[in-house]
Amino acid sequence: QVQLVESGGGLVQAGGSLRLSCVASGSIFVMNVMGWHRQAPGKQRELVAAISSGGRTNYADSVKGRFTISRDSAKNTVYLQMNSLKPEDTAEYYCYIEMVGRSYWGQGTQVTVSS
């Protein structure tokens, strides 16, 4: 069993910042990839950012220069620092990990950016 618990979502004004955290627990082995997706109402889920076990990062074009992903492998935790938030960043944000050929997902945390 693997559990992912996100925190840090909320309501923020445009231009503001939020920091999301996701802690993995349970039967944790080497997490090859940790990352975040998001899904806005009426839209498909999309990749926001991901980070490999070696520290390689990947970002959606829409968040490059504004969001920063990081991980603390000793704490089984991945972070998403979100700056200069825009109303179009409003979505449910989901943490995920890839481990031993499988993907695991958190329950999501809501981020709402008001204009």
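The values are calculated or read from the model by the stated rules, or taken from the named source; none is laboratory data. Keep in mind that this is a model prediction, so the values were computed, not measured. Glycine also receives a Cβ, built like all others from the backbone with ideal geometry; neighbour counts cover every protein chain displayed. Just the protein is used for accessible areas: all its heavy atoms, side chains included, with ligands, DNA and RNA removed. Shrake-Rupley method; radii C 1.70, N 1.55, O 1.52, S 1.80 Å.
Each 10 Å bin, from zero up to the one with the longest distance, holds this percent of the alpha carbon pairs of segment 32-115: 17, 53, 26, 4, 0. Net length available on complete extension from ALA40 to ARG102 is 19.9 nm, with 0.36 nm assigned per residue and the Cα-Cα distance removed.
For the chain, the carbon plus sulfur part of the accessible surface works out to 47%, probe radius 1.4 Å. With both labels modelled 7 Å from their Cα along Cα-to-Cβ, the SER70 to THR112 distance reads 2.9 nm.
Each Lys or Arg adds one and each Asp or Glu takes one away; over the other residues whose Cβ falls under 13 Å from the Cβ of VAL63, this sums to 0. With every protein chain in place and a 1.4 angstrom probe, the accessible-area ranking of ARG45, ARG56, largest first, reads ARG56, ARG45. Around ARG38, under 12 Å between beta carbons, what's the net of Lys plus Arg minus Asp minus Glu among the other residues? Result for the local shell: -3.
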